[in-house]
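Participant: There's a structure below that I have some questions on.
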Amino acid sequence: MDHQIEVITRMVLDIVKEKESKRQGVGFLVPVGVSARHVHLTQEHVEILFGKGFQLTKKKELMGGQFASDQVVTIVGLKLRAIENVRILGPVRKASQVEISSTDAIKLGIKAPIRESGNIKGSAPIAIVGPKGAVYLEEGCIVAKRHIHMAPKDALQAGVVDGQTVSVQADNQRGTIFHHVQIRVDDSFTLEMHIDTDEANAAQIRTGQILTLMV
């Protein structure tokens with residue numbers, strides 16, 4: 001009888017240890033959001049593109065107080081190569097920025113670096129065209145670095161911290177492992193990994209699929 005109790009106790013402890021390891025990042029599950037090309041604008045640039053006093057209007061609420069607006073623009077690269085109907089995300093920012101995929105960069109004829117959102121110093125130039133005018137950015141076009149949005153409680157459970165770089169595995173037919181995934185922690189964030197359309201298509205991933213974080 002004592003031996004049976006000992007065996008059962010060991011089994012329970014093994015289960016507890018397994019759950020604890022998952023909370024520390026081994027096997028932590030993360031939903032994916034596929035991020036299409038989009039634009040962030042200053043209020044000054046909104047008014048140049050859409051008219052004086054114009055305010056962006058909400059189409060869909062996003063995490064962190066952001067929203068997809070009803071407004072779209074055309075982005076123009078070198079040799080006047082353009083992509084139409086690019087969504088603007090609000091609210092307005094301190095600096096305008098265009099986020100595209102590597103395939104978009106080839107189409108536009110520009111060399112957009114892979115950067116964290118907001119890090120636009122020395123990035124690619126691009127023009128933005130709206131119904132009322134156009135804006136030329138000497139720098140501001142990037143390919144967004146893959147990242148995971150987390151609330152503090154999620155980071156604690158996963159055993160990671162803001163700014164840390166991790167790997168994430170997709171357990172599907174392609175069996176892709178994404179390296180150099182940056183952790184971004186904020187109280188306003190909902191747990192979600194963001195990759196662009198190129199990455200999603202190559203790995204056969206769609207929005208809502210679940211991937212495994214590997215610390």
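Participant: Based on what the data block shows, is Lys121 part of a loop (DSSP other than H, G, I, E, B) and closer than 23 Å to Phe67 by Cα?
Facilitator: Details: part of a loop (DSSP other than H, G, I, E, B): yes; closer than 23 Å to Phe67 by Cα: no.
It is false that Lys121 is part of a loop (DSSP other than H, G, I, E, B) and closer than 23 Å to Phe67 by Cα.
Participant: What strands (runs of 3 or more DSSP E) lie completely within the stretch 127-215 and have 3 or more residues being of a type outside the set (A, V, I, L, M, F, W, C) and closer than 22 Å to Lys94 by Cα?
Facilitator: Here the list reads 134-144.
Participant: Among Arg93, Arg87, which is the only one that is part of a strand (DSSP E or B), in contact (Cβ under 8 Å) with a residue 12 or more places away in the chain, of a type in the set (Lys, Arg) and surrounded by fewer than 21 Cβ atoms within 10 Å (Cβ to Cβ)?
Facilitator: Being part of a strand (DSSP E or B), in contact (Cβ under 8 Å) with a residue 12 or more places away in the chain, of a type in the set (Lys, Arg) and surrounded by fewer than 21 Cβ atoms within 10 Å (Cβ to Cβ) holds for just one of Arg93, Arg87, which is Arg87.
We did not get these values from a lab; they are worked out from the coordinates using the rules stated. Computed from a predicted structure; not experimentally measured. Don't worry about glycine lacking a Cβ; one is built from the backbone with ideal geometry, like all the others, and counts go over all protein chains shown.
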